[in-house]
Amino acid sequence: MDKSKRLFIKPKRSFRRRLPPIQSGDRIDYKNMSLISRFISEQGKILSRRVNRLTLKQQRLITIAIKQARILSSLPFLNNEKKIEKGESTARTTPTGLKTKKN
C-alpha cells in the first residue's frame, strides 16, 4: 500500500456497548429515589439527555418524576449545602463600608 494512502486509514478500535442506565424492569416514578438520584447533579440540577444516555421518552419521564418529587419535598430544589466549620470566623461589611469580625 502507498504511504500516502496509509495516513488516512483509521485504526479499528474495539467497541464495547454500554448498558442502558434504565433497565426494562425499572419503573420511572417519583417514589423511586434510588433511580431518580442517578440523574441529578451534585448541585441538584437535572442532567442532560446526552450525559444520561437516555431516550427522549425516558428523559421526559425522569424529568416529570424529579419535578413531582421536588414538589412533594422528597428532593430539594437546590442542593446548596456549604459546610462551615465552627471555629471559622466570617468577615462582613457594615453599611458604612467598614469591615467587622463576626465571632
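The values are calculated or read from the model by the stated rules, or taken from the named source; none is laboratory data. These figures come from a predicted structure and were not determined experimentally. Quick reminder, even Gly has a Cβ in these numbers, built from the backbone with ideal geometry, and neighbours come from all protein chains shown. SASA here: full protein model, heavy atoms, side chains in, ligands and nucleic acids out. Shrake-Rupley method; radii C 1.70, N 1.55, O 1.52, S 1.80 Å.
Just a few scattered comments:
- Positions within region 34-43 being loosely packed, with under 13 Cβ neighbours inside 10 Å and in a helix (DSSP H, G or I), in sequence order: 34, 37, 38
- Some residue of region 11-33 being assigned to a helix (DSSP H, G or I) and either modelled with pLDDT of 80 or more or exposed (fewer than 13 other Cβ atoms within 10 Å of the Cβ) (or both): yes
- Out of 60, 50, 92, one residue alone is surrounded by 12 or more Cβ atoms within 10 Å (Cβ to Cβ) and either modelled with pLDDT of 90 or more or part of a strand (DSSP E or B) (or both). It is 60.
- Residue in region 65-75 that is most open to solvent (accessible area, probe 1.4 Å), counting only those that are out of contact with any Pro (no Cβ under 8 Å at 6 or more places or on another chain) and either free of Cβ contacts under 8 Å to residues at least 24 places away in the same chain or not in a helix (DSSP H, G or I) (or both): 71
- Meets criteria (modelled with pLDDT of 85 or more and open to solvent by less than 100 Å² (accessible area, probe 1.4 Å)) for residue 100: no
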